[in-house]
Structures are given as structure tokens and as C-alpha cells.
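What follows is one structure encoded as C-alpha cells, with my remarks underneath.
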Amino acid sequence: MINAVGRDIPEKVLKDLNMKPFAGTYARNGEEYTKAAPKVRAWMDPKESKMVESIADVVKKCNIKDGMTISFHHHFREGDYIVNMVMEEIHKLGVKDLTICASSLGKAHNPIVPMIEDGTITNIQSSGVRGQIGEAISTGKLKGYAIMRSHGGRVRAIESGDVHIDVAFIGAPTCDCYGNMRAVGGKSDCGVLSYAYVDAQYADKVVAITDTLVPYPNIPASISQVNVDYVVVVDEIGNPAKIATGAAKPTTDVRKIMMAEYCTQFVINTPYFKDGFSYQTGVGGASIASTISLGKIMKERGIKMGLGLGGIAGPMCELLEQGLIEKIVDTQDFDLKAIESISTNPNHIEITGSEYANPMNKGAYVNQLDFVILASLEVDTHFNCNVVVDSNGMVTGAQGGHPDTAAGAKCTIVIAPLLQGRTPAICTDVTTVTTPGETVDVVITDYGVAVNPARPDLLECAKAAKLPLKTIEELRDMAYAITGEPEPIKFGDRVVGVIEARDGTIIDVVRQIKDYEWD
Amino acid sequence: MINNPNLNRLRRSMMFLNAQKPGLIKDPYIYKPDSIMLDLEDAVAENQKDAARYSLYHALKEIDYHGVERVVRINGLETAHWKEDIRVCVAGHCDSIRISKCESAADVIAVEEEMKKAEEEFGVPHGEILIMAALESTKGVLNALEICQASPLLFGIALSGGDYTKDLQTTISGTGVEFAWARGQMINAARCAGKQCFDTVFTNLDDMEGFRRETEMIKMMGFDGKSIVNPRQIAVCHEVFTPTEKQIIQAEKIVKEVDEKKAMGIGVFTVDGKMIDIAFYPGAKRTIELAKAAGVYEGDL
């Protein structure tokens, strides 16, 4: 069936997963539904302890069986030890057909690939995957489907009952004996536990794993004792050096600075750039550079940001310290500066993944965004973006908050160099649609700026900013004139992955990679 | 007489790029330098000269540089490479050839002779490819005037500070004192011969203030532009060399008033309280031309 972004979603996939094709970003607006609820085991006896000796013991206590769904969070990023430690113990039990429902998975989790190959893990639900797990999915080693969800979409799926988590394993930088978890103060600070909150609320069993047991009560807690069944102490939950990096030096790459400058010039020429505006950006070189250059103009003009949202890095915290931002509302910390800021600055506040981006609660923070600055591997002439599948057809990225913020913000700006190495980033049709073009307003490249024709108001702003305006087709033509039109990637027939739109419909599918054959 | 519109084109920024680095030469025009200088000389190792020529030829043939002048820096006349370098420049049809370590009018003439041979070989009309000369020695700087006058193909001379200071037996101090005489001598010679004059590179990329000061100084001395080593330097360079809005308005007034008063038979008059006569006319005209070339003029002159 052809969906609203023109992608053919096979009937078999719709039937297998009991899902509907994407019908438009806001198609389910106003819909009423009843939230799911977990099974709770009452802890009435005060003499009972939640402390469990080891992960091996806790996986037995949780009674993990074939076909269950196990969840993890990704706040430790590439420094995470939790997934591998837990899966190793589960693997020893000989359990099969598990679904991993993670907020994201990375290269740190390469060790679970053999468990995909031997059928321990048969389904993966994640914001995205990198490294060998991506290869395992794309080469057809995963028996079931990989479902890629945005951060907001994952919360929606859990809260609405599309997925039910049997056991959630939550790594916590600090925890007390009764399960109050905080993201700061331990050996492996990660700043926030935003994406794990929904797991704690909706999983039948919740296990806290920490390397820093602290005296009771560990409050204010990101995740409260009332949702936690067991507490396990291990030597190390992660590698701090890979959880949070030191401050990245601002880029000196003129190409990125130039795109950042275009972005800033555009932003300040829109009517949304006024005192109290709200803003979110990523951590790529161009995004950081545009935050820095925007900060200078805010200072000059005495304009303050009311809300800085989402994943946070040092440059945003510096603006907060300079009094140029009223509140930072945080769901993930990318560097030590951000972690220090949320630990010490009362105007830097942790929120949950649902508050951040769930499209089907009673209104998420992303809906209040004026600007979001995003990156993309590919953008096509319909302004659709692909942030998950690479130019070899391999799953190798994550949706993150991309579709959520794009849908929420009044002005969605995507920064992408015209060419990603040898490959055009601006193309006729993206390999895989992860963010629908109807939510993307402006595309900034090193060769020029294109405004979505659906936003003539923003086109006027871009003209006022004296930006080098091009149509999206002109940008594509410039890219193709340099590289030639790339041959389409050769895929097999089997669908190995599903790109779930934030409302739970299917926006695109990912097919198994076909080995290259010489003609 | 050569009738090539490139002779007097705008050259505020002339950016060096290693001709062997695809990532550098594929699209430097997005940074909008006035000229790029594709380097076959110092940036390319001795055993890589062939490979660099190959890469250069295809770049010249296949990449649309969107109007940015394509200068090629060839190896010096003391090397075994310069003749083959000229052949590839002509075969690829670059816009200009930069002679390294030029020391005399004879060097320029030798290059021009080699160009003629190559032009015949590849069917390129004489006069389409221009010449500039880099002065890198005390002898070269002393001979600045004869070099400027050596060929109608030569559009200008550039100081090359690294080798020059070695020849002087000093180092680059950052104060400019070691270049004071060379710069003065060169701009005088260039202007005397009706040619352009370009300053040496500023290599400390982290000292943007120092770069700005040096660029402002050489602009004040009369230079037309500066050799640069990184796109980060373009914006400052252009800012310094592009007339300000105030300067443009002033120049516009002068040009208009002089034209008007001349028709009325008046020789001396005032504009905004300043005494103006015909002597101000060429300078004001030049400001307008510069503003037009830099794409910032919105008036009707």
C-alpha cells in the first residue's frame, strides 16, 4: 500500500506487525485512547529487601522467558556496559525469541550480535542502531523486524500499549537501596535519565543497576522507588570517557561555519526571533557553530531565548550562564559541560521523554519550539529526510528526536553539505524516509539555501536575509552535476526493518541488502 | 596589445590550494575567493609532480569554478618541471600562470615563449592565458619594475615573503619591518607600469586580528589584494578591500558633482564641506568600479 509519502509498504508487513501506513504527520491529532498499564507486584513488607546480589541473580528473579520484551536506555551512549552485561546473563539462561526495546543502540553493543545470530534476540525496537547490529539487521540476520522509532514515538508506543515491556534494566549513575535513581553524582554521570522514565512507569519488572550505591533517600530522584523492583550493584555501569566527552573545540571548518552563518542569518530574519523564543539544536559542527553565532547576535540585540530544548551540549550551557537563555529543558547530555550545568544550575531542568516529544500525550515540549536545527544524511526534492540508512543501504543511524522536533517546530531547518563525501546529500528521492518533508521548512547547504514551497512566508525571510536562494531541485541538480546521478542501491525483497512514524504508522521500510553483483 | 578582460579584474583574495588534493580543489568557489592559485610548486612533493599535473589537468577541464580566477603556480625556472607545468596549464586552459621565484624580465619572457609553444600545440589563442610573477628574492624585488614591464600578458606581481626573508637573512617578525622596503618598492613599480600588486601570505590562522591589521596596512599602501592560505581569511580580506557604504556614497557624490560642475565650467567646489577638484575624480571612479566588481554597488553610475 502506498502511504502519504509515496512509499510502498508491503501488505505482509502491515499484517505481520498489525500497523497502518503513514497517513500524514498530524493524521491522528485529537484521537482518544486508553493508556496501557504495567503489572505491579506489591512491596508491602518493610523487611523485604530490593537488593539483589548480581545480574545473574536478578535475571532469574525476573523470570525471563522466551518471547519476552526487555528494555534499556542509551544515556550512557557509546560508554554503556549495561546492555552487554545483562544480555550475557540472559543468554546463559538459554532464553529465545526476545525483543530488545531500547531507546537506542550503538557500536558499544556489538557483543550482542551473536545473540541475534543464535535466535536469543529476534526483534529489535530502537531509535536506531550503529555498527555491527546495523549490519546484522541489514544483512538479514535478525529473524523478526527491526522497528526504528523516534524518541517521542517510543514513549507513545509504550504508553499506548503498542509494545509492552516485561523487564526494564535501567543503568543509574547513583541509586539507593530502595531504587531511587539519579543521573548525577556517581562514577558514570550522564546528567539525565529522561528516556528511561517511561520504562520505569510501564514495565512489569524494573531493575536498577548502579555502580554507586548511595545512602537512602537519593532524591530528588529521576526515577522513583515506587516503580522499582530490584537494585543491583556492579563494579562499573559504563565508561565515563565515552559517556560524556570533553568540550569540543568549535569547528574551524569554513564550510560548516558558512552553513552556520546562513542558518543564523535566516533565524534572525524570521518573525519568531524575538525575546522568549524557543530553540533546539544538535551537536554537529555546523549546529554548534550556529548556536555560537546566534548567541553573539542575541547579546548584541538584547534578545533572550526563553527555552532551549532537547539534547544539550556545552555551548547552550554557556548561553544559559551568560543569561541569554531563561531555561534549558534537557533530555540528554552530550558533554561534561552539560552534565556540570544540570547538576548545578537551577534553570537547567531534566524532563521525561514523554514531556519532550510524545506526539500523543496532551502536548509535548516540541510543540512549543520556534526553531529546530537538524542535520540529515539525505534530503530529497520533497524535503523528506533520511537519518537512518547510509549510502550502502545499511542501517547505521538513529531517528532520535528528528521527526519529533521537525513536526513540532514552527521553523525546521536542516543543515547538510551538498555532498557527503562522494554522495549527493540532496537527491531526488531519499533511500529511506525517516522525517516527512511536510515538516521540513528550510534546507541549508554549502552551495545554497532552499525553502519548502509550502512556506512562502519563510521564503520572504530568506530573501530578507540575502541568502543564496536556490530551489531544492536546483540544489539536487548542482549535486548531480558534480557526482553524476547515483545508481539506486540494490536491495533484496525481504523487509528487515520498519521506520515507524512518531504516531505509530509505517512511514517506510528497510530491505535486506543485496550483495553487489558486477553487471 | 592584449585585450583580455581578466587583466584588471578584482583580486582581493588569491587563495593557495594544493593541486593534488581533490577535497580542496573540488569546490573552493563556494567560499567565493576572487582567485584560486592551484599549486604545483612547494605544496607538491618532488616525486609527486606528475600526479599533481594529472589532477590539475582534470580539475581545470572538468570542474566549473563559477567565475573564480584559476591561477596555477608553476615550479621555478631553475627546476626541471616548469616547461611541463606550462604545457599542462595551457592544455587545461587555466586563466593565469604564476611564475615562482621570478627574478628578471628575462624569466617572464622565457615563460611567455614556452606558453606560445604550448598554445600552438593545444590550439589556445595567445593572450587568453595571463601571467603573474612572484618575487621571492632580493634580486627579484630589485628588478620589480623591469619584471612589470616585461610582458603585456603580465597582470601583476606578488611578494612571496618566506623565501624573501631567507634571502634577506632575517625572519618574519610579525611587525612587517622586514617587508617594508620590498612592499614599498613593489607597489611603486607595479603602479608605475600600470600593473596590480599583491601581498604575501599570513600563515598564523589563529591570529585573525594580526591578519586584519596586516591586510589593512597593505591596502593603505596601495596593494590590490593578498595571497591567502585558508578560506577563513577570505571574509576579512574582502571586508578590508571592499569599499564601505560611506566610501561608495562619497565617491558617488564626487563623480556626479565633478561631471555636473565640469559642464558648468566650475573647477573647484565643496562636497560635504570638503574641497573637491578634478584630482579626486579618478580615485572616486576607482571606488565605484571596485564596489561594482565586489558586487556591493547598488547605484546608477
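The values are calculated or read from the model by the stated rules, or taken from the named source; none is laboratory data. Since the structure is predicted, the reported quantities are computational estimates derived from the model, not experimental observations. As a convention, Cβ positions derive from the backbone with ideal geometry for all residues, glycine included, and neighbour counts pool all protein chains shown. Accessible surface areas use protein heavy atoms only, side chains included; no ligands, DNA or RNA. Shrake-Rupley method; radii C 1.70, N 1.55, O 1.52, S 1.80 Å.
Under 5 Å from the amide H of A:Gly400 lie the amide H atoms of A:His151, each residue being 5 or more positions distant or on a separate chain, with H modelled from the backbone and absent for Pro and chain starts.
A simple rule links phi to the HN-Hα coupling: the Karplus curve 6.51 cos²θ - 1.76 cosθ + 1.60 with θ = phi - 60°, which for the stretch B:26-34 gives 6, 8, x, 5, 5, 8, 6, x, 6 Hz, with x for Gly and Pro. Only the Cβ atoms of Lys and Arg (+1) and of Asp and Glu (-1) were treated as charged; on that basis the dipole of the protein assembly as shown about its Cα centre amounts to roughly 1020 debye. Normalised by residue number, the volume inside the convex hull of the Cα atoms of the stretch A:106-163 is 76 Å³ per residue.
Please grab the % of Cα pairs in chain A that end up more than 28 Å from each other. More than 28 Å apart: 53 percent of the Cα pairs in chain A.
For chain B, modelled as a GNM whose springs connect Cα atoms under 10 angstrom apart, the maximal fluctuation among B:Ile25, B:Ile276, B:Ile99 occurs at B:Ile276.
Close amide H pairs (under 5 Å, H built 1.01 Å from N) link A:Tyr216 with A:Cys177, residues at least 5 positions away or on another chain. When only alpha carbons of the stretch A:48-243 are considered, Rg and Dmax amount to 15.3, 48 Å. Above 30 Å lies some portion of the pair distances; for chain B, what is it as a whole percent of all C-alpha pairs? Counting every Cα pair in chain B, those more than 30 Å apart make up 34 percent. For the stretch A:383-519, the alpha-carbon radius of gyration amounts to 1.11 times the rule-of-thumb value 2.2 N^0.38 Å expected for a compact globular protein.
Among the trypsin sites (Lys or Arg not before Pro) within the stretch A:433-519, those in coil by DSSP and having at most 10 neighbouring Cβ atoms inside 10 Å are A:Lys466. The convex hull of the Cα atoms of the stretch A:254-495, projected and averaged over all directions, covers 13.5 nm². Once the Kirkwood radius over Cα pairs is known for the stretch A:12-92, the Stokes-Einstein relation at 4 °C and 1.567 mPa s delivers a diffusion coefficient of 74 µm²/s.
Global size of the stretch B:1-119: 13.6, 39 Å for Rg and Dmax (C-alpha atoms, Rg to one decimal, Dmax whole). For A:Gly282, nonlocal amide neighbours, meaning residues 5 or more places apart or on other chains whose placed amide H falls under 5 Å from its own, are A:Ile373. Using the Stokes-Einstein relation with a Kirkwood hydrodynamic radius computed over Cα pairs, the translational diffusion coefficient of the stretch B:166-278 at 37 °C and a viscosity of 0.692 mPa s comes to 196 µm²/s.
Annotation for the stretch A:489-519: chymotrypsin sites (Phe, Trp or Tyr not before Pro) lying in DSSP loop with at most 11 further Cβ atoms inside 10 Å of their Cβ are A:Tyr516, A:Trp518.
Shape summary: the stretch A:1-148 maps onto an equivalent ellipsoid whose semi-axes, from the alpha-carbon gyration tensor, are 31, 22, 15 Å in decreasing order. Test of understanding: given chain A, find the longest segment containing no GluC sites (Glu not before Pro) that are in a DSSP loop and have at most 16 other Cβ atoms within 10 Å. Longest gap between qualifying sites, sites excluded: A:237-516. Across the stretch A:221-235, coupling constants 3J(HN,Hα) worked out from phi with the 6.51/-1.76/1.60 Karplus curve, θ = phi - 60°, read 8, 6, 10, 8, 3, 5, 9, 10, 8, 9, 10, 10, 9, 10, 5 Hz, and Gly and Pro carry x. Once the mean 1/r over all distinct Cα pairs of the stretch B:245-293 is inverted, what Kirkwood radius in angstroms do you read off? Computed over the stretch B:245-293, the radius equals 10.8 Å.
If you build a Gaussian network model of chain B, linking Cα atoms that sit under 10 Å apart, which residue out of B:Leu142, B:Leu154, B:Leu56 swings the most? Per the Cα network of chain B with a 10 Å cutoff, B:Leu142 tops the list. In the context of the full set of protein chains, chain A has a per residue accessible area of 39 Å² (1.4 Å probe). Annotation note: chymotrypsin sites (Phe, Trp or Tyr not before Pro) in the stretch A:1-64 located in DSSP loop regions with a Cβ neighbour count of at most 12 within 10 Å are A:Tyr26, A:Tyr33.
Over 21 Å apart at the Cα level, from the set B:Lys21/B:Lys139; A:Lys304/A:Lys327; A:Lys141/A:Lys514; A:Lys50/A:Lys96; A:Lys65/A:Lys143, are B:Lys21/B:Lys139; A:Lys50/A:Lys96.
In chain A, if the dipole is taken from +1 on Lys/Arg beta carbons and -1 on Asp/Glu beta carbons about the Cα centre, which of A:Val442, A:Met394, A:Val510 is farthest to the positive end? Highest projection toward the positive end goes to A:Val442. For the stretch B:30-51, heavy-atom accessible area (probe 1.4 Å) falls by no less than 40 Å² from the chain alone to the full protein assembly at B:Ile30, B:Tyr31.
At 1.4 Å probe size, with the rest of the protein present, what percent of the exposed accessible area of the stretch A:254-495 is carbon and sulfur atoms? For the stretch A:254-495, the apolar C and S fraction of the accessible surface comes to 53 percent.
Extension gain, A:Thr471 to A:Lys12: 0.36 nm times the residue separation minus the Cα-Cα distance gives 161.5 nm. Each helix, a run of at least 4 DSSP H residues, gives -39500 (n - 2.57); summed and divided by the residues of the protein assembly as shown, these come to -9500 deg cm²/dmol at 222 nm. Between the listed residues B:Met220, B:Trp82, B:Leu40, the Cα displaced farthest toward the positive end of the dipole of the stretch B:13-241, a dipole computed from Cβ unit charges relative to the Cα centre, is found at B:Met220. Taking only the alpha-carbon positions of the stretch B:49-196 and ignoring solvent, what does the Debye formula give for the base-10 log of I(q)/I(0) at q = 0.13, 0.16 Å⁻¹? The calculated log intensity ratios at q = 0.13, 0.16 Å⁻¹ are -0.59, -0.86.
Spatially, the stretch A:218-242 and the stretch B:264-301 are offset by 74 Å when compared through their Cα centroids. Accessible surface buried by the B/A pair amounts to about 800 Å², both sides summed, 1.4 Å probe. Per residue, chain B exposes 46 Å² of solvent-accessible protein surface, assessed with a 1.4 angstrom probe and all protein chains in place. As I understand it, the dipole of chain A uses +1 on the Cβ of Lys and Arg and -1 on the Cβ of Asp and Glu, about the Cα centre. Which of A:Val254, A:Gly6, A:Gly276 lies farthest toward its positive end? Positive-end residue among those listed: A:Gly276.
In straight-distance terms, cross-link reach from B:Lys246 covers every one of the lysines whose alpha-carbon lies under 23 Å from its own, apart from those fewer than eight places away in the same chain; here that gives A:Lys466, B:Lys219, B:Lys256, B:Lys261, B:Lys274, B:Lys285, B:Lys292. Using the alpha-carbon positions of the stretch A:478-519, Rg (one decimal) and Dmax (whole number) come out as 14.7, 42 Å.
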